[in-house]
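Data first, discussion second: the structure below is written as structure tokens.
Every number here is computed from the coordinates shown, using simple stated rules; none is lab data. Here the structure is a predicted model, which means the values were calculated and not measured. Cβ placement follows ideal geometry from the backbone for every residue including glycine, while neighbour counts extend to all protein chains displayed.
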Amino acid sequence: MDASRNYYKAQIVGWSGYVLISTGVFIMSGKQINVSAIGGIYLVFALGLVLSHIYRGFIIKMDWLDKDIFRLVPRVLAACIVLAVVFHGIYLGIGNLTFNWNMPFRWNDPNMFAWGMLFFIWNLIYFAYIFFQRYRTEEIKNLKLEAASNEYELRRLRDQMNPHFIFNAMNTIRALIDEDPKKAKKAVTQLSNVLRSSLQTGKQELIPLEKEIQIVRDYLEIEKARYEERLVVELNVDSASISVKIPPLILQTIVENCIKHGIAKLPKGGTIRVETKKHEDHVDIDIINDGQFDPSDKSDSSLGLENTRNRLDLSFGKSARLTIGNLDETRVRTQIHLPTKNKI
């Protein structure tokens with residue numbers, strides 16, 4: 001409907017523009033304005049409007065809009081010649097009968113070339129508009145397909161992490177059952193809190209950092225029940241950063257890896273420090289844990305890190321990143337860099 005409405009508007013405006021330009025040129029030339037001259041100008045308006053509309057129907061019926069440029073150009077040039085001849089013949093016929101012009105039809109009449117150029121310009125505008133509209137429609141279609149693909153990929157990656165997190169938490173609770181049933185019971189309650197938060201945010205592509213920190217805090221409470229004094233937790237959250245949005249369970253996944261591949265391997269345990277810092281155009285989230293990072297290690301932690309990078313890339317593009325490396329001889333730092341200008 002919009003395309004059809006735009007077409008009719010363009011027809012009226014375009015041929016009306018011709019009338020205005022022709023009238024202005026006629027006046028500037030100093031020629032006498034009479035009924036015959038004005039009638040000729042408006043006759044061009046009427047004939048151009050009717051013939052170009054009939055020609056548009058022919059274009060659609062013959063599927064010219066589906067042809068490539070090499071097949072379209074010769075057809076358009078031939079159509080311009082035919083239209084010029086038909087237009088000139090009808091124009092002279094009506095003018096001779098109505099305004100007594102007494103002008104014979106001649107093949108070498110300069111007006112014939114003028115009518116051909118007029119329809120050639122019409123073709124340029126019409127096909128340029130059609131191809132631009134198709135390009136824009138195709139571009140929007142591709143963007144929608146890309147968005148749908150990204151949404152599917154985000155859900156797939158997120159669904160991979162949820163079972164992984166639950167199984168690890170259940171293993172922690174199972175280990176506590178024999179050691180301390182009361183702590184195991186408390187851990188079940190804490191796990192239910194984590195799962196409740198996870199289910200509440202599971203359908204969201206992005207959640208506030210504040211909610212993610214709460215999930216991490218609840219998860220670490222479960223782990224502290226198992227490791228007791230072997231696990232020290234430090235949270236230093238910049239209040240200016242808590243409204244920034246991130247994919248759910250990303251931070252929890254990294255903390256989980258820190259415990260499994262860092263703290264758990266140390267006889268005396270260690271410390272996990274989560275720190276956020278709001279800058280002018282980005283937020284940095286640092287997760288520092290005791291241990292050492294081995295880049296050549298291809299354990300399941302590599303899959304988790306790669307998963308996290310993919311989710312960040314799908315949600316924020318290349319402006320977001322995750323880096324991991326040894327901070328010193330005894331500590332590992334994982335950093336998430338989030339652009340605040342992309343937050344939703």
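Inter-label distance, Glu306 to Ala114: 7.2 nm, where each label sits 7 Å from its Cα along the C-beta direction. Per-residue ellipticity at 222 nm, computed for the chain from helices alone with -39500 (n - 2.57) per DSSP H run of at least four residues, works out to -23500 deg cm²/dmol. When peptides 212-224, 269-281 are ranked by their average number of other Cβ atoms within 10 Å per residue, the highest-first order is 212-224, 269-281.
Need the full-extension length gain, Ser192 to Leu77, defined as separation in residues times 0.36 nm minus the C-alpha distance. One decimal, nm.
Full-extension gain reported as 34.0 nm.
For a label point 7 angstrom out from the Cα of Asn100 toward its Cβ, which stretches of the stretch 24-50 have the backbone nitrogen within less than 19 Å? From the stretch 24-50, the list is 32-41. Remark: for residue pairs Lys186/Lys277; Lys183/Lys268; Lys224/Lys318; Lys186/Lys211; Lys141/Lys278; Lys182/Lys224, the C-alpha separation exceeds 25 Å in Lys186/Lys277; Lys224/Lys318; Lys141/Lys278. Within the listed set Leu209, Leu92, Leu251, the residue fluctuating most in the Gaussian network model of the chain (springs between alpha-carbon atoms under 10 angstrom) is Leu92. For the chain, a Gaussian network of Cα nodes joined below 10 Å ranks Ser319, Ser29, Ser192 by mean-square fluctuation, and the top entry is Ser29.
Working out 0.36 nm times the residue gap between Ile69 and Ser243, then minus their Cα-Cα distance, what length gain in nm do you get to one decimal? Can you show the working numbers first?
Working: separation 174, 0.36 × 174 = 62.64 nm, distance 5.21 nm.
Length gained between Ile69 and Ser243: 57.4 nm.
With a 10 Å cut-off between alpha carbons and a GNM built on the chain, which of Ala320, Ala79, Ala184 moves the most? Highest fluctuation of the listed residues: Ala79.
Relative contact order for the chain: 10 percent, from Cα pairs under 8 Å spaced at least 6 residues apart, divided by residue count.
Across the stretch 48-60, computed HN-Hα scalar couplings (Karplus, 6.51 cos²θ - 1.76 cosθ + 1.60, θ = phi - 60°) run x, 4, 6, 5, 5, 5, 4, 4, 4, x, 5, 4, 5 Hz from first to last residue, x flagging Gly and Pro.
Both radii are taken from the alpha-carbon atoms of the stretch 167-270; with Rh as the Kirkwood radius, Rg/Rh is 0.98.
Against the chain, whose longest principal axis comes from its Cα atoms, helix 110-179 is set at around 10 degrees. May I ask you to list the residues of the stretch 265-281 whose amide nitrogen lies under 19 Å from a point 7 Å from Cα along the Cα→beta-carbon direction of Val232? Counting backbone N atoms under 19 Å from the label point, the list is 265-276. Once percent of Cα pairs over 38 Å apart is calculated for the structure shown, the corresponding label among (1) 10; (2) 38; (3) 49 turns out to be (3).
Taking 7 Å steps out from each Cα toward its Cβ at Thr340 and Tyr135 produces label points 3.8 nm apart.
Rounded to the nearest 20, the Cβ-based charge dipole of the chain about its Cα centre (Lys and Arg +1, Asp and Glu -1) stands at 1080 debye.
Stretching Val50 away from Ala175 to a fully extended chain increases their span by 36.4 nm, per 0.36 nm per residue minus the current alpha-carbon distance.
Computed on the stretch 32-143, with alpha-carbon pairs under 8 angstrom and 6+ residues apart, the relative contact order is 29 percent.
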